[in-house]
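To keep things clear, I will list the structure first and then write my remarks on it.
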Amino acid sequence: MSIKENIDHVRSEIDEICKKVDRDSNEVTLIAVTKTIDTARIGQALNENIKDVGENKVQEIMNKYEEIKDAKIHMIGHLQTNKVKYIIDKVSLIHSLDRVSLAKEINKRAKQHNIIMDTLVQVNVANEETKFGLKVEAVESFLEEIKHMENIRVVGLMTIAPYEEDSENVRIYFKGLKKIFEELKGKDYSNVNMKYLSMGMTNDYKVAIEEGANFIRIGTGIFGLRNYDK
Ligand SMILES: *Cc1c(COP(=O)(O)O)cnc(C)c1O
């Protein structure tokens, strides 16, 4: 299938699921995950009215910046503290805020650029050793620790669910994240405004939307299998 057909397919699935659970499909933003994808193929996606792209490596954002800069760029991968300075003025949202040292660096660089950087706190919903992110129980104390950082705004939560052949098995994690998202909405931190839940990838985005995701991150479902050897 072509990139256009894939995008059409994902969009019609989004519409269908939203109808089923009585949500407005306009509130679900499709992020095309462009990691490892060359700029010609990314261009095909941008031609289909894709406005949001996700990359997981600083170097790839730098390399492709000229071609993707008209879209909103989402940093969705693990972010090394010493690389924040390269992307601070290039990305619209950092999905992978997971530690105080990173928050400090983002805050410092954002201040230098006179901006407020939007971020999502990454949560490791299943406590997997192989994944980054805060444990569910640690999110609130983390927000407490960074509440004085004026050039950071936390606008929601992000998670990467465990891979399960049957995506029904991850519903419990999405439900759990939605629950703490709602709880945190009620707290009063001046640099927190809980609006976005970034959860759901090719394998599990339908369940994620049913459970309240408003950012879904789709790579394979748009571009096909990735080739990491190039
Ligand atoms: C690669 C990646 C995705 C997209 O994964 P697919 O299964 O190809 O849709 C989503 N989120 C993150 C953080 C990723 O690194």
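Along Cα→Cβ, 7 Å out, is where each label goes; now give me the distance between the ones at SER92 and GLU168 in nm to one decimal.
Going by the 7 Å Cα→Cβ label model, 3.7 nm.
I'd like the trypsin sites (Lys or Arg not before Pro) in segment 1-60 restricted to DSSP loop residues with at most 13 other Cβ atoms within 10 Å, sorted by number. Could you put the intermediate results ahead of the total?
Numbers: sites: LYS4, ARG11, LYS19, LYS20, ARG23, LYS35, ARG41, LYS51, LYS57; in loops: ARG23, LYS35, LYS51, LYS57.
Hits after loop and neighbour filter: LYS51.
What list of ³J(HN,Hα) values in whole Hz, one per residue of segment 23-39 in order, does the Karplus curve 6.51 cos²θ - 1.76 cosθ + 1.60 (θ = phi - 60°) give from phi, with Gly and Pro shown as x?
10, 7, 5, 5, 8, 9, 9, 8, 9, 7, 7, 9, 4, 6, 8, 6, 5
For LYS90, give me every one of the lysines with a C-alpha distance below 19 angstrom, ignoring sequence neighbours fewer than eight places off in its own chain.
LYS35, LYS51, LYS57, LYS64, LYS69, LYS72, LYS104, LYS108, LYS111
List the aspartates and glutamates whose Cα sits under 15 Å from the Cα of LYS179, skipping any in the same chain fewer than 8 residues away.
GLU137, GLU140, GLU210, GLU211
For the chain, set up a Gaussian network in which alpha carbons nearer than 10 Å are linked by springs, and say which option among THR202, THR130, THR36 fluctuates the most.
With Cα springs under 10 Å in the chain, the top fluctuation among THR202, THR130, THR36 is at THR130.
How much length would be gained if the chain were fully extended between GLU13 and LYS104, taking 0.36 nm per residue of separation minus their Cα-Cα distance, in nm to one decimal? Intermediate results must be reported in sequence, preceding the final value.
Details: separation 91, 0.36 × 91 = 32.76 nm, distance 3.93 nm.
Contour length minus the Cα-Cα distance gives 28.8 nm.
Please report how far the C-alpha centroid of segment 1-75 lies from that of segment 148-218, rounded to the nearest whole angstrom.
18
Label-point separation (nm) for GLU60 and GLU128, each offset 7 Å from Cα along Cα-to-Cβ?
Rounded to a tenth, the inter-label distance reads 1.7 nm.
For segment 108-172, state which GluC sites (Glu not before Pro) are in a DSSP loop and have at most 12 other beta carbons lying within 10 Å of their beta carbon. Display every interim value, and only then the final one.
Details: sites: GLU128, GLU129, GLU137, GLU140, GLU144, GLU145, GLU150, GLU164, GLU165, GLU168; in loops: GLU128, GLU129, GLU150, GLU164, GLU165.
Within segment 108-172, the qualifying GluC sites (Glu not before Pro) (loop, at most 12 other Cβ atoms within 10 Å) are GLU129, GLU150, GLU165.
Classify the chain from the C-alpha gyration tensor, please: rounded if a/c falls under 1.5, else prolate or oblate depending on whether a/b exceeds b/c.
Details: a/c = 1.67, a/b = 1.15, b/c = 1.45.
Oblate.
Can you pull out the trypsin sites (Lys or Arg not before Pro) in segment 63-151 whose DSSP state is coil and whose Cβ has at most 12 other Cβ atoms within 10 Å? List each step's numbers first, then the result.
On the way: sites: LYS64, LYS69, LYS72, LYS83, LYS85, LYS90, ARG99, LYS104, LYS108, ARG109, LYS111, LYS131, LYS135, LYS147; in loops: LYS69, LYS90, ARG99, LYS131, LYS135, LYS147.
Here the sparse-neighbourhood loop sites are LYS69, LYS135.
Taken together, the values in this text are just the output of simple stated rules run on the coordinates, not laboratory data. Every value quoted in this text rests on a predicted model; they were computed, and no experiment measured them. Glycine gets a Cβ as well: all are built from the backbone with ideal geometry, and neighbour counts include every protein chain shown.
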